[in-house]
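Asks: This is the structure, below, for whatever I ask next.
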């Protein structure tokens with residue numbers, strides 16, 4: 001009877017160790033997944049910050065005379081008086 005109790009204790013202890021190892025492995029997998037997601041989002045934030053900086057630069061230049069003239073020429077086909085415009089018929 002005493003031997004049987006010792007065997008049950010050993011089995012229970014082994015099962016506990018297996019269960020604890022299983023929990024640690026699953027937590028490590030979840031941690032690795034969260035770390036990779038964090039790296040992805042940090043990269044996305046940096047890209048958006050760079051895009052935001054470029055938008056700030058373009059908005060600061062929007063009121064300049066050069067920008068207004070380039071938009072008028074390129075998008076609105078407007079030109080200064082007495083300016084010669086050459087059209088390429090090959091296009």
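Each reported figure results from applying straightforward, stated rules to the coordinates on display, with no laboratory input. Just so you know, these numbers come straight off a predicted model, no measurement behind them. Here Cβ is always computed from backbone atoms with ideal geometry, including for glycine, and neighbour counts include all displayed protein chains.
Asks: Taking R0 as 30 Å, what FRET efficiency do you get between residue 15 and residue 35 from their Cβ-Cβ distance, rounded to the nearest 0.05?
Replies: On the way: r = 31 Å, r/R0 = 1.02.
So, using R0 = 30 Å, E works out to roughly 0.45.
Asks: Could you check the simple spin-label distance between residue 45 and residue 26, using points 7 Å along Cα→Cβ, in nm with one decimal?
Replies: It works out to 3.0 nm between the two label points.
Asks: On C-alpha positions alone, give me the angle between the axis of helix 2-60 and the longest principal axis of the chain, in degrees, nearest 10.
Replies: In the chain, helix 2-60 runs at an angle near 10 degrees to the longest axis.
Asks: Specify the residue with the greatest mean-square fluctuation among 18, 45, 62, computed from a Gaussian network of the chain linking alpha-carbon atoms under 10 Å apart.
Replies: Judging by the Gaussian network model, the answer is 18.
Asks: Which of (i) 1.07; (ii) 2.85; (iii) 1.03 is the computed Cα Rg over 2.2 N^0.38 Å for the structure on display?
Replies: The value matching this structure is (ii).
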